Amino acid sequence: MTREVPAEGAPRLVGCRVDWLQVAYGVTLSTACAQALIDAQLLADMAGRAEFREAGIPFELRRNATFKRIAFSNADVGGMFDSAAPEGWSLVLDVRALYLATHAIEDAVALCRRIARGFGNVRKERLRRFDLAGDYAGFAIDPLDVDRLHTRARKRTTFLSQSKDLDDVNKAEVRTHTNTARQVTGITVAPGRNVMCRIYNKPAELALPGREQKRLVEEERWKRNGWAGEGITRVEFQHRGEHLAELGLRNSEHEAKLRVLDVLLERIDAIWQRDVCEWLRIIDPESSTRRERCRIDPRWLAVQQTVFHHQAVPIVLHRLRGGPSDAQAVGVVLSHAAAHGHLSPVLIEVRTPPRQAGSDDGLADAMSELDIAEEVRCLLETRAVAGVQAATDEYARNLVRLHGPQRARQIVQAKVNGVRARFFSVDDERERST
């Protein structure tokens, strides 16, 4: 099939990468790691959270009902160790999307293997899921695109589901998503299947609450590739389960040699081309009586022309890795102080800055604004400090009363170190070494 050349002004690629990576390992747990894991979980069950450190990397553990399946996480990776996992795949690691957006894919592979080796003897490596995503400027989603889709998925009538995709599971092969104005913001092809595609308005998704940092990272990536603020459509293919065997990525020899992720890196381009040329296309249905002979929609040409390589942006994140915002943190402190009678009222005296003969009114107004800004900071600081002091005193007294001094000290250590581990990134190691 001859490739058509996108016309001038056609949609263009502004970024592409692996956007999801889940890997399982068969690990023989070392004695030292097993004991450290049990000790950390016992501490977490007592304190609510605790730090578990492995391969020099701290992770947060939280209360858990069983020692058979222990979850751990930090800013880069979420993981699960299951001693009774089927076929011995005891360790599962999920690399977070923000890490994938800001690091080379080779770094993500190296991080997974470093963590796995920290648990003990690694016997095998298995790819569980990976997503490939391309972002395109000037690719507008049309309400009629559902009728323009030509996909091999239409030949099937059943599918599998997993918890992440429960909102996508229905009896349709193609599902559209709309906003409150009834505008089409996305299309899901083969929802719940082992291979599925999402085509959606990425800025609309990033505008949802709690995604401010991710939006910052994505927009920086786009700008470095010529983005000028226009709309962005993401084309994203999800691969998992038995479909990985069709791609040559569920191979016992590669798994035993710990080469599965290396094979993935070698085949990304071929997999992308299979996705966008064979499995799914957007066509012009009026160009032929047979859909398989129809011309490719001009927007899809940019997708097919993509030479897939993982683009990441190593921007400085200033440790913005989730957690409460500044407004939430101050609000909680003030609420606690008020509830316990420790919050003093704010009484503001309206003051007019004195004017002198021949003075510059603009300068006087500017100084007044600076004074007010400092006053705002002081009003909050004095009450927040008093609130934190009162809450700290009360919490410390309750810990000692309920658990005794020795265990109270353990709980404080576990909580502080656990919270630090939750937001730890391997980037912190580089910062300390420079």
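One residue stands out among those in the range 23-71 that are among the hydroxyl-bearing types (Ser, Thr, Tyr) and either under 23 Å from Glu429 (Cβ atoms) or in contact with a strand residue (DSSP E or B) (Cβ under 6 Å, 6 or more places away or on another chain) (or both): the one that is surrounded by the fewest Cβ atoms within 10 Å (Cβ to Cβ), which is Thr28. Return the pair list, or none, for Cβ contacts closer than 6 Å from residues in the range 393-407 that are closer than 15 Å to His340 by Cα and open to solvent by less than 70 Å² (accessible area, probe 1.4 Å) to residues that are modelled with pLDDT of 90 or more and charged (D, E, K, R), at least 6 apart or on different chains. Sorted first by the residue in the range 393-407, then by its partner, the list stays empty.
As for the range 285-304, it holds at least one residue that is hydroxyl-bearing (Ser, Thr, Tyr), in a loop (DSSP other than H, G, I, E, B) and either touching a Leu at 6+ places or on another chain (Cβ under 7 Å) or open to solvent by 70 Å² or more (accessible area, probe 1.4 Å) (or both).
Residues of the range 72-91 that are more than 16 Å from Thr28 (Cβ to Cβ) and either open to solvent by 30 Å² or more (accessible area, probe 1.4 Å) or part of a strand (DSSP E or B) (or both): Phe72, Ser73, Val77, Gly78, Gly79, Met80, Pro86. In the set (1) open to solvent by 20 Å² or more (accessible area, probe 1.4 Å); (2) closer than 26 Å to Arg299 by Cβ, Val276 fails one condition alone, (1). Filtered by the rule that a residue be assigned to a loop (DSSP other than H, G, I, E, B), touching a residue at least 12 places away in the same chain (Cβ under 8 Å) and open to solvent by less than 60 Å² (accessible area, probe 1.4 Å), the range 223-246 gives Gly226, Trp227, Glu230, Gly231, Gly241. Filtering the range 200-222 to residues that are over 19 Å from Val303 (Cα atoms) and either open to solvent by less than 60 Å² (accessible area, probe 1.4 Å) or assigned to a helix (DSSP H, G or I) (or both) leaves Ala204, Glu205, Leu206, Glu212, Gln213, Lys214, Arg215, Leu216, Val217, Glu219, Glu220. Return yes when Ala414 is at pLDDT 75 or above, among the aliphatic types (A, V, I, L, M), surrounded by 14 or more Cβ atoms within 10 Å (Cβ to Cβ) and touching a helix residue (DSSP H, G or I) at 6+ places or on another chain (Cβ under 8 Å) and no when it is not. In short, yes. State whether one or more residues within the range 261-284 are over 24 Å from Leu127 (Cα atoms) and among the hydrophobic types (A, V, I, L, M, F, W, C). Yes, the conditions are met somewhere in the range 261-284. Contact map, the range 32-49: residues that are farther than 23 Å from Tyr395 by Cα paired with residues that are assigned to a helix (DSSP H, G or I) and open to solvent by 10 Å² or more (accessible area, probe 1.4 Å), Cβ distance under 8 Å, separation 6+ or inter-chain. Pairs shown: Cys33/Gly118.
Conditions (1) assigned to a helix (DSSP H, G or I); (2) out of contact with any strand residue (DSSP E or B) (no Cβ under 6 Å at 6 or more places or on another chain); (3) surrounded by 11 or more Cβ atoms within 10 Å (Cβ to Cβ); (4) at pLDDT 65 or above, marked per residue:
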| site | (1), (2), (3), (4) |
| --- | --- |
| Ile348 | no, yes, no, yes |
| Thr352 | no, yes, no, no |
| Gln356 | no, yes, no, no |
| Ser359 | no, yes, yes, no |
| Ala373 | yes, yes, no, yes |
| Arg377 | yes, yes, no, yes |
| Arg383 | yes, yes, yes, yes |
| Ala386 | yes, yes, yes, yes |
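Selection of first residues in the range 130-149 that are without any contact (Cβ under 8 Å) to a residue 60 or more places away in the chain and of second residues that are open to solvent by less than 50 Å² (accessible area, probe 1.4 Å) and in a strand (DSSP E or B), restricted to Cβ pairs under 8 Å at least 6 apart or on distinct chains, gives the following pairs, ordered by first then second residue: Asp142/Val184; Pro143/Val184; Val146/Val174; Val146/Ile187.
Tallying residues that are within 24 Å of the chain's Cα centre (by Cα) and open to solvent by 20 Å² or more (accessible area, probe 1.4 Å) within the range 247-265 yields 2. Among the residues of the range 247-285, just one is without any contact (Cβ under 8 Å) to a residue 24 or more places away in the chain, of a type in the set (Asp, Glu) and under 22 Å from Leu100 (Cβ atoms), namely Glu266.
The values are calculated or read from the model by the stated rules, or taken from the named source; none is laboratory data. Note that the coordinates shown come from a computational prediction; the quantities given were computed from them, not determined experimentally. Neighbour counts run over all protein chains shown; Cβ positions are idealised from the backbone, glycine included. Heads up: the accessible areas ignore ligands, DNA and RNA and are worked out on the full protein's heavy atoms, side chains in. Shrake-Rupley method; radii C 1.70, N 1.55, O 1.52, S 1.80 Å.
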